[in-house]
1. Counting only C-alpha contacts under 8 Å and six or more residues apart, can you give the relative contact order of region 107-184 as a whole percent?
2. To check you understand DSSP bridge types, tell me what percent of the beta bridges within region 265-418 (both residues inside) are antiparallel, rounded to 5.
3. In what sequence, highest mean first, do 599-611, 224-236, 424-436, 557-569 appear when ranked by Cβ atoms within 10 angstrom?
4. Long-range amide H contacts for Phe500: which residues qualify at under 5 Å (H placed 1.01 Å from N, peptide plane, sequence gap of 5 or more or a different chain)?
5. Say each of Glu181 and Asn596 gets a label point 7 Å from the Cα, pointing the same way as Cα to Cβ; how far apart are those two points in nm?
6. Can you tell me the 0 to 90 degree angle between the C-alpha axis of helix 54-64 and the longest principal axis of the chain, rounded to 10?
7. What residues qualify as long-range amide H neighbours of Ile226, i.e. H under 5 Å apart, gap of 5 or more or another chain, H built at 1.01 Å from N?
8. Please turn the phi angles of region 618-634 into ³J(HN,Hα) values with the Karplus equation 6.51 cos²θ - 1.76 cosθ + 1.60 (θ = phi - 60°), one per residue in order, whole Hz, x for glycine and proline.
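Values in this text are rule-based calculations from the coordinates and carry no lab data. What you see is a predicted model, and the numbers here were worked out from it, not measured in a lab. Positions of Cβ are backbone-derived with ideal geometry, glycine not excepted, and every protein chain shown enters the neighbour counts.
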Amino acid sequence: MTDIHSIFSEGGELCQALPHYSPRDAQIDMAEAVQRAIEEHETVIIEAGTGTGKTFAYLIPALLSGKKVIVSTGTKHLQDQLYDKDLPLLKKIFKYKPVTTALLKGRSNYLCLYRIKTLRQRGRFENKKQVDDFYRIERYAGQDETGDITKLENFQDSTLASHVTSTTENCLHTECPDYEECFIFKARKKAMDADIIVINHHLFCADLSLKQEGFGELLPEADSIIIDEAHQLAETAGLFFSEQIGTKMFSDWLEDFNRLLALEAKDFSSHDAVASNIIEGMIELRKLLPEGNKRYALSEFYQDPKIADQLAHIADQLLELVVLTKPLIIRSKTLAQIVERLQELQESWTKITVTSQENPDDNTVVWLETYTHHLMICATPLDISEIFQKNSKGLKAGWVFTSATLAVNGKFAYFCAPLGLSDDNTLCLKSPFNYKSNALFYHPPELPEPNHPTYIQKFIRAILPVITEAKGRTFILFTSYRALNEAAEILKKSLSYPLFIQGDAPKITLIDQFRESGNGVLLGTTSFWEGVDVRGEALSCVIIEKLPFASPGDPIEQAKIDLINKKGLNAFINYQLPKSIITLKQGIGRLIRDPNDYGLLVIADPRLITKSYGKQFLNSLPEMAKTQKLERVQKFFEYVEKKRLE
C-alpha cells in the first residue's frame, strides 16, 4: 500500500511539485481514510471543511490505487475542472503510476450525428440565424472528437439545440446508422476502458434509476465510487427515481414523429386529427392552471372537475393515438421505436395523472410544475433509502461520500438517513483556515421578523453601512427571488458600487464581472449559495438575508414534512432545521476561500437570537469573533487593510 502520509507531508511529492503547497493535517487524515475505503471496500463519510483540499485528498489515493474508480461531482462545471485541470496535473506529478482517465456526461451534452443529418435532409429552418447555427454545429461535429456541446460557444442559446442532441426516448441506440461514430457511444466505450471515470450526480443517478427499472447500466463496474458534493445526492436521486410526464414531451414526440414520417411514411396522416385534439387539450389544461412558473401538488387541482376531466380526456386521446399509429410498426424499426415511445408516454400519463389520484401512495407525492406554455407532472418517492440501498449495493464497490457540508453539530444522521447509510464510519474535519483572526461575524440588531412586510427595507438599511465599510466587495445571498428583486430595486437607487443581479447574465459571467470589478455587490439566490469561488479582496463580505428554511409551500417539501410527522417524528427538528443548517454552511463557505483571505459574515435574521433553535445555527458557524456593533465592523476592516499592506 502506498504511503499516502509521506506524499502530503513536508518534503513529499506535492511539496516538491507545487511551489505554493503546504501540508495540512486534515487533508492527510482524509487521504488516509479514502485510501482505506478504496483498499478495503469500505464506506466512509467525510465532511471536509473549506480549505481542507478534499479534491487532492480523494484523487491521489484513487490514482495510486490501481483500481477502477468512478468520481461523481455535483455539477458539470466541477466535473470539467476535475478532468481538465486537477487530473492532468496529478498525472504529471505521479507519472510513474500511469492511469487512463475518461469524462462521461449525460447524452444531452453530446451532439447527435444522426439528428444533424436528418435535419440537413429535411432542410427546414425558420430564419437565417438557424441556418448559420446549423452550419456552425455541423462543422463542429465534423471537427471535434468528443462532440461535447459545452465547448461550442453559445450553443444553449440556439433554437436548434433540441434538434441536434438526443434523449433517451428518441435515441435509436444500436439501430442508428451512425452508432459506430456516435459521440455518446465513443465516450462510454472510453469510460469502460478507463481507470478513473469522472461523471456527475445526474448521470450517476440516471444509472441507478435504470438499474431500478431492470435495464442495462450506463456506467462500467467500478471497484470504488467517490461522491463529491455528496450533500446534493439525496435530492438528485429522489428526482431520478421519480416518474414524470409533460406536455412538452408529447409535442417533442409529435415533432420527431412528423419528421420521421416525412422520411419513411409520407402516405400516413391518420394521426393528424387526434394529435391536434391532444395538443388543444394540453393547451386548455394549461389555461385551467395558475400562470407563472411554480410547483403545486396535483391533489390541489384534481378536485376541480374540469381539470380532472381534462386529464382523463388526454389519457383517452393518447390511447386512441397509440391504436392509430400501431400499423406503422411493421414498416421499419425506427417507426416501431417511435410508436413504442408514444405508448410509454400514454402509459405514464395515465398512471401519473389519473391512477395516482384514484389510488394514492403515502410514500409518493404527485406534483406539477407550470411553465409559460407547458407543464410537467411528476410522481416523486419521499423515502428513497430502500431504493438507493438496493441499487447501490448491486455495484459491489467501496464508497466515499464527501462534502464541505454533511454534518450538523458534528453528527451525520441528517445526511445518512435519506440514503439508508450507516454513520458508523464518519470523519468530520474542520477547516484549516484561521477564522479567529481572518473573519468576523456581525448580526445587525433590532430587525423585525423576516415575515414582516418592511423586513427587506429595514434589512437593506441595516446593511448599507456594512457595504460601505467593505468598499463594495460583497455577496448578498437571498432565500427567494421575491426578496432578491425587492432588494435589487432599493439598491439600484441607493448603491454607488457596481451591482450584479442574478438573472441579468449567466452565473459564470456574473461572477467573472464581479471579480473583475474589484468593488462590486452581487445579489444571488439558490445556486449562488454554493459552488462559487472568489478568492482575494474582490469578495470581503458575505451577507445572508435570512435563515435558509425551504419553503413548506413546495409540494415535495410539504409531503416530506407530513410523512415524517406521520411516523411520529418531529419534522422540524429532524428535517427542516438540519437542512437549513447545511444550506447556511454552504453560504458561509463562500467567504474564506484561501488562507490569506479576510472577510465579514453577516446573518441578518433576528431568529438567531429570538428563537431557541438559533443556537444550533450559531454552533454551525466557524470559530470567529461575533458582534452586534457596527463599530466593530469598521475596526475589522481597518485591521484588514493594515494586514494587507504589511
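1. Reported as a whole number, the value is 56 percent.
2. 100 percent
3. 224-236, 599-611, 424-436, 557-569
4. Val521, Leu522, Leu523
5. Taking the two extended label points, one gets 5.1 nm.
6. 70 degrees
7. Amide H neighbours of Ile226, under 5 Å, 5+ apart: Ile70, Val71, Ser72, Val400.
8. Coupling constants for region 618-634: 4, 5, 7, 6, x, 5, 8, 5, 10, 8, 10, 9, 5, 4, 5, 4, 4 Hz.
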